[in-house]
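Trainee: Following this message is one structure expressed as structure tokens.
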Amino acid sequence: MSTPDAGIAELRERVLAASAGGTPLRLKGAGTKDFYGEALEGDVLELRSHRGIVSYEPSELVIRARAGTPLSQIQAALAAEGQFLAFEPPAFGGDPTLGGVIAAGLSGPRRVYAGAARDFVLGTRLLTADGEVLRFGGEVMKNVAGFDVSRLLCGSLGILGLITEVSLKVLPLPRAEVTVRLECTAREALEAFNRWGAQPLPLSAAAWSAGGAWVRLSGAAPAVRLARERIGGEPVDEATARHFWHGLRDCALPFFTQQPLWRQSLPSTAPLAALGSEPLIDWGGAVRWYGGVAETLDVRAAAAAGGGTALCWRGPVPRGQRFHPLSGVTLELHRRLKQRFDPRGIFNPNRLIDGL
């Protein structure tokens with residue numbers, strides 16, 4: 001473990017030079033999420049050299065690491081202590097950095113039952129355009145004083161500043177875990193997911209794909225066994241289950257090769273949309289993926305009708321239309337935040353919102 005501020009000087013020098021010259025910077029970790037967002041613009045600022053676990057207290061369930069730290073290094077340290085990142089950050093076939101994980105704010109199949117990435121962020125350090133390193137949040141789970149800027153940074157895609165360090169809450173690995181598969185239609189799966197979600201069952205993932213519902217149960221062995229008996233279905237062997245859940249987390253299943261690929265986020269109780277293709281369902285019904293649907297307005301209108309949003313995950317769309325359109329009020333809030341944190345507009349321009 002080295003000192004928390006090691007390596008900041010070089011990053012600050014690059015940021016100050018860019019700020020003085022009005023040069024946009026493209027913040028880059030491992031590049032596993034280069035496909036995600038509106039645009040990749042600016043001079044590349046590599047962040048992987050600013051790496052390393054700063055502190056890890058297994059008894060406190062807290063780990064703090066620099067933004068360039070590979071996710072694999074963090075996961076290995078946690079696994080050695082029987083702990084893990086419960087929001088299951090996607091790796092997309094690579095080894096993302098911690099900063100990229102938090103800046104993207106994406107979560108895996110466990111998200112709807114364990115919480116989103118932002119729910120596990122305890123504190124952050126942010127390098128601003130004027131060279132200051134600001135500290136937000138803390139390193140204990142009870143630190144909730146003031147406005148939670150750390151969680152604001154989660155999902156900001158780096159447009160507000162350069163995240164240099166992150167403190168995360170971690171959880172013990174489940175003592176028991178089992179996956180079952182049930183043959184059913186998508187509508188039957190949605191109804192079952194919502195019914196089970198309202199019961200005290202140890203659900204940790206629920207998805208539907210190609211005629212089958214996949215349900216993962218995690219927790220104490222007696223609770224998992226009783227839930228398994230109540231839900232029914234066929235047990236899935238550990239290797240097959242791991243392949244499915246990791247493939248779902250990383251968008252690596254064959255379904256995800258379709259283009260354009262759309263991701264709807266909406267209430268799990270929303271009815272299925274008639275979009276001419278069969279969806280893949282995740283998060284117990286709160287995420288619906290559609291492949292090969294070319295009409296942008298149809299996908300977005302269906303999501304809005306269900307009380308949600310839609311984004312084009314992969315595939316060509318006009319500039320500024322990858323994410324679901326924001327309301328005027330929400331867009332103005334984004335503009336004010338960008339102006340407050342990055343008045344010179346040097347960090348990841350147009351990555352999250354075209355024009356910011």
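The values are calculated or read from the model by the stated rules, or taken from the named source; none is laboratory data. All values derive from a computational prediction rather than experimental measurement. All Cβ positions, even for glycine, are placed from backbone atoms using ideal geometry, and neighbour counts span all protein chains on display.
Trainee: Can you tell me which residue is surrounded by the fewest Cβ atoms within 10 Å (Cβ to Cβ) among those in segment 306-318 that are at pLDDT 95 or above and over 13 Å from ARG263 (Cα atoms)?
Mentor: GLY307
Trainee: I've got another one for you. Tell me, yes or no, whether segment 259-267 has at least one residue that is surrounded by 20 or more Cβ atoms within 10 Å (Cβ to Cβ), at pLDDT 95 or above, assigned by TED's automatic domain parsing to the domain that holds GLY307 and touching a Pro at 6+ places or on another chain (Cβ under 7 Å).
Mentor: Within segment 259-267, none of the residues are surrounded by 20 or more Cβ atoms within 10 Å (Cβ to Cβ), at pLDDT 95 or above, assigned by TED's automatic domain parsing to the domain that holds GLY307 and touching a Pro at 6+ places or on another chain (Cβ under 7 Å).
Trainee: Here are some conditions: (1) in the same structural domain as ARG216 (by TED's automatic domain parsing); (2) under 21 Å from the mean Cα position of the chain (by Cα); (3) surrounded by fewer than 17 Cβ atoms within 10 Å (Cβ to Cβ). LEU326 meets all but one. Which one does it not meet?
Mentor: Evaluating LEU326 over (1) in the same structural domain as ARG216 (by TED's automatic domain parsing); (2) under 21 Å from the mean Cα position of the chain (by Cα); (3) surrounded by fewer than 17 Cβ atoms within 10 Å (Cβ to Cβ) leaves (1) as the failure.
So that you can scan it fast, the table gives a plain yes or no per residue for (1) part of a helix (DSSP H, G or I); (2) at pLDDT 95 or above; (3) not assigned by TED's automatic domain parsing to the domain that holds PRO202:
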residue	(1), (2), (3)
GLY100	yes, yes, yes
TYR113	yes, yes, yes
ASP119	yes, yes, yes
THR124	no, yes, yes
ARG135	no, no, yes
GLU139	no, no, yes
VAL144	no, no, yes
SER150	yes, no, yes
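Trainee: Going by the conditions given, is ALA205 part of a strand (DSSP E or B) and not assigned by TED's automatic domain parsing to the domain that holds PHE84?
Mentor: Here the answer is yes, as ALA205 does meet what is asked.
Trainee: For segment 234-258, name all the residues that are surrounded by fewer than 17 Cβ atoms within 10 Å (Cβ to Cβ) and touching a Lys or Arg at 6+ places or on another chain (Cβ under 6 Å).
Mentor: Within segment 234-258, GLU234 is the sole residue that qualifies.
Trainee: Residues of segment 205-219 being modelled with pLDDT of 95 or more, surrounded by fewer than 22 Cβ atoms within 10 Å (Cβ to Cβ) and out of contact with any Asp or Glu (no Cβ under 7 Å at 6 or more places or on another chain), which ones? Don't jump to the end; show me each part of the working.
Mentor: We begin by selecting, within segment 205-219, every residue modelled with pLDDT of 95 or more; these are 205-209, 211-219.
Okay, now just the ones that are also surrounded by fewer than 22 Cβ atoms within 10 Å (Cβ to Cβ), so 211-212, 219.
Within segment 205-219, GLY219 is the sole residue that qualifies.
Trainee: Mind checking whether some residue in segment 180-198 is closer than 24 Å to ALA79 by Cβ, in contact with a strand residue (DSSP E or B) (Cβ under 9 Å, 6 or more places away or on another chain) and in contact (Cβ under 8 Å) with a residue 24 or more places away in the chain? I'd like the intermediate steps shown before the answer.
Mentor: If we filter segment 180-198 for residues that are closer than 24 Å to ALA79 by Cβ, which is where we start, we get none.
The answer is no; no qualifying residue exists.
Trainee: Sticking with this one: In this structure, does ALA270 turn out to be in a loop (DSSP other than H, G, I, E, B), surrounded by fewer than 20 Cβ atoms within 10 Å (Cβ to Cβ), out of contact with any strand residue (DSSP E or B) (no Cβ under 7 Å at 6 or more places or on another chain) and at pLDDT 95 or above?
Mentor: Details: in a loop (DSSP other than H, G, I, E, B): yes; surrounded by fewer than 20 Cβ atoms within 10 Å (Cβ to Cβ): yes; out of contact with any strand residue (DSSP E or B) (no Cβ under 7 Å at 6 or more places or on another chain): yes; at pLDDT 95 or above: yes.
Considered against the rule, which asks whether it is in a loop (DSSP other than H, G, I, E, B), surrounded by fewer than 20 Cβ atoms within 10 Å (Cβ to Cβ), out of contact with any strand residue (DSSP E or B) (no Cβ under 7 Å at 6 or more places or on another chain) and at pLDDT 95 or above, ALA270 comes out as yes.
Trainee: Additional query: Being more than 26 Å from ARG195 (Cβ to Cβ) and either assigned to a strand (DSSP E or B) or not β-branched (Val, Ile, Thr) (or both) is the filter here, so list the residues in segment 253-267 that pass it. Walk me through how you get there before you give the answer.
Mentor: Initial filter on segment 253-267 (more than 26 Å from ARG195 (Cβ to Cβ)): 254, 256-262.
Passing the criteria: PRO254, PHE256, GLN258, GLN259, PRO260, LEU261, TRP262.
Trainee: Which ones in segment 68-125 are surrounded by fewer than 24 Cβ atoms within 10 Å (Cβ to Cβ) and of a type in the set (Ser, Thr, Tyr)?
Mentor: Within segment 68-125, SER72, TYR113 qualify.
Trainee: Next up: Here are some conditions: (1) in contact with an Asp or Glu (Cβ under 6 Å, 6 or more places away or on another chain); (2) surrounded by fewer than 16 Cβ atoms within 10 Å (Cβ to Cβ); (3) within 30 Å of VAL317 (Cβ to Cβ). GLU38 meets all but one. Which one does it not meet?
Mentor: Of (1) in contact with an Asp or Glu (Cβ under 6 Å, 6 or more places away or on another chain); (2) surrounded by fewer than 16 Cβ atoms within 10 Å (Cβ to Cβ); (3) within 30 Å of VAL317 (Cβ to Cβ), only one is false for GLU38: (2).
Trainee: Being in contact with a Ser or Thr (Cβ under 6 Å, 6 or more places away or on another chain) and not acidic (Asp, Glu) narrows it down to one of GLY284, GLY276, so name that one. So that I can check it myself, show each step before the final result.
Mentor: Details: GLY276 fails: in contact with a Ser or Thr (Cβ under 6 Å, 6 or more places away or on another chain).
The unique qualifying residue is GLY284.
Trainee: Now for a different question. What number of residues in segment 217-241 are assigned to a strand (DSSP E or B) and in contact with a Leu (Cβ under 7 Å, 6 or more places away or on another chain)?
Mentor: Our first condition is that a residue be assigned to a strand (DSSP E or B); within segment 217-241, this holds for 217-219, 234-236.
Filter once more, keeping what is in contact with a Leu (Cβ under 7 Å, 6 or more places away or on another chain): 217.
Count: 1.
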